[in-house]
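A.B. asks: Dropping a structure here in structure tokens format, bear with me for questions.
Throughout, read-outs are computed from the coordinates displayed, never taken from laboratory work. Model, not experiment: these values are computed from the prediction. All Cβ positions, even for glycine, are placed from backbone atoms using ideal geometry, and neighbour counts span all protein chains on display.
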């Protein structure tokens, strides 16, 4: 398959002397599994603490339609490896919509954002706490991963998550347009339990890619590598809820009756928000108007796409040090006296 894609790349872009793709880190990640209360199981990939590291747990949650490879694509410049080098135990969580998830023997195949937020996230957090032997974690969420953070805080408060970073996670959405109405109609016609083959489509599109509008600062081989190795299929139920957000104009529950961000009101948690010019008009910083606790915003200009804070060629110099500094600042107050007896890993 790879040889065929590479041949297609040379045929479509004969003047392009780049490699077809770069690949995610070849080092095999360790994994553990969590089980949600409805029987779904999904892996948590983890980078164990290095010798002499403190081992404090940091969860990183990926966005919609992609997987954990977007968080650890290469060892030299990826956020996950940067955190590990700083002494943390790093956990890359996945959800029931990821290819590594295991469906219960008896259960409905359809699910949405609410199912992931209410069932997967609490189970994943508990699994990380038990595995790491700490009583609190820090959370870094990109896109959907930040939105899931907000839903978890609205549902359960900040008892287990002591500080967080949200990257390019919108909470407000544009008013309905003709294109949105057409998309809404198309989604209503899609049967339940259907999974859209996003990964296969992205792989087939990779040979033609020169630059992706959401990866403006990512070099060509890595951007094509993300399409081939970093994408996931999307369930129709999840897409319907995302479309509901567009219809209601805000991040809401499946019925469109509850504003998830407003549900976070008065939650006490240190929160760092990183956003681009595009996310600024989508309410990226709105949670800071409602929560209590230290806050920091980092605005990236119009030359930054949604995935650039993770994968951009200069992200490890511009963005990742700011995230690491934020976590380090809250390290002692979070874990100074929170360690419990070590359990087997």
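A.B. asks: If we sort 243-251, 2-10 on the protection proxy, mean other Cβ atoms within 10 Å, highest first, what's the order?
C.D. replies: Ranked by mean Cβ neighbours within 10 Å, highest first: 243-251, 2-10.
A.B. asks: Give, in nm to one decimal, the length gained when the segment between residue 110 and residue 192 is fully stretched (0.36 nm per residue of separation minus the Cα-Cα distance). The partial results should precede the final answer.
C.D. replies: Details: separation 82, 0.36 × 82 = 29.52 nm, distance 0.63 nm.
So the chain would gain 28.9 nm between residue 110 and residue 192.
A.B. asks: Next up: Describe numerically, in nm with one decimal, the distance between label points set 7 Å from Cα along Cα→Cβ at residue 314 and at residue 18.
C.D. replies: 1.7 nm
A.B. asks: Would you mind ranking 289, 233 so that the residue whose beta carbon has the fewest other beta carbons within 10 Å leads the list? Spell out each step's value before the answer.
C.D. replies: Working: 289 11, 233 17.
In increasing order of surrounding Cβ atoms, one gets 289, 233.
A.B. asks: Further, regarding this structure: Antiparallel as a % of all DSSP beta bridges within the chain, to the nearest 5?
C.D. replies: 40 percent
A.B. asks: Another one. By average Cβ neighbour count within 10 Å, what is the ranking of 195-203, 37-45, 114-122 from highest down? Before the final figure, lay out each step's value.
C.D. replies: On the way: 195-203: 16.2, 37-45: 18.3, 114-122: 21.7.
The peptides rank, most packed first, as 114-122, 37-45, 195-203.
A.B. asks: Nearest 0.05, what FRET efficiency do residue 219 and residue 297 give at R0 = 25 Å with Cβ-Cβ as r?
C.D. replies: Working: r = 28 Å, r/R0 = 1.11.
In this case the efficiency is close to 0.35.
A.B. asks: While we're on this one: Determine, for 17, 254, 240, the number of other Cβ atoms within 10 Å of each Cβ, and report the residues in order from fewest to most. List each step's numbers first, then the result.
C.D. replies: Details: 17 6, 254 14, 240 18.
If I rank by nearby Cβ atoms, fewest first, I get 17, 254, 240.
A.B. asks: Mind sorting 97, 159 by how few other Cβ atoms lie within 10 Å of their own Cβ, fewest first?
C.D. replies: Values: 97 24, 159 10.
Listed from fewest to most nearby Cβ atoms, that is 159, 97.
A.B. asks: Rank-order 265-274, 130-139 by packing density, defined as the average count of other C-beta atoms within 10 Å over each peptide's residues, highest first.
C.D. replies: Working: 265-274: 19.1, 130-139: 21.1.
By packing density, highest mean first, the sequence is 130-139, 265-274.
A.B. asks: Then there is this: Let me check against my output: what whole-number percent is the relative contact order of segment 78-142, with C-alpha pairs under 8 Å and at least 6 apart?
C.D. replies: Reported relative contact order: 23 percent.
A.B. asks: When the chain is treated as a GNM, springs tying every alpha-carbon pair under 10 Å, which of 101, 284, 223 comes out with the largest mean-square fluctuation?
C.D. replies: 101
A.B. asks: A follow-up question, please. Between residue 4 and residue 204, what is the spin-label point distance in nm, taking each point 7 Å from the Cα along the Cα→C-beta axis?
C.D. replies: 1.1 nm
A.B. asks: What are the semi-axes of the equivalent ellipsoid for the chain, taken as the square roots of 5 times the Cα gyration tensor eigenvalues, largest first, in whole Å? Please list the in-between numbers first.
C.D. replies: Details: eigenvalues 167, 127, 89 Å².
Sorted largest first and rounded, they come to 29, 25, 21 Å.
A.B. asks: Another question, if that's okay. Counting alpha carbon pairs within less than 8 Å and at least 6 residues apart, what relative contact order, in whole percent, applies to the chain? Mind dumping the intermediate values first?
C.D. replies: Details: 700 pairs, mean separation 73.4, N = 345.
Across the chain, relative contact order equals 21 percent.
A.B. asks: Another one. Helix-only estimate, please: 222 nm mean residue ellipticity of the chain, summing -39500 (n - 2.57) across DSSP H runs of length 4 or more and dividing by its residues, to the nearest 500.
C.D. replies: On the way: 13 runs with 113 residues, N = 345.
For the chain, the value works out to -9000 deg cm²/dmol.
A.B. asks: Then there's this: Where q = 0.26, 0.31 Å⁻¹, what log10 of I(q)/I(0) comes from the Debye formula for segment 217-261, counting one point per Cα?
C.D. replies: Cα-only, vacuum Debye calculation for segment 217-261: -0.80, -1.01.
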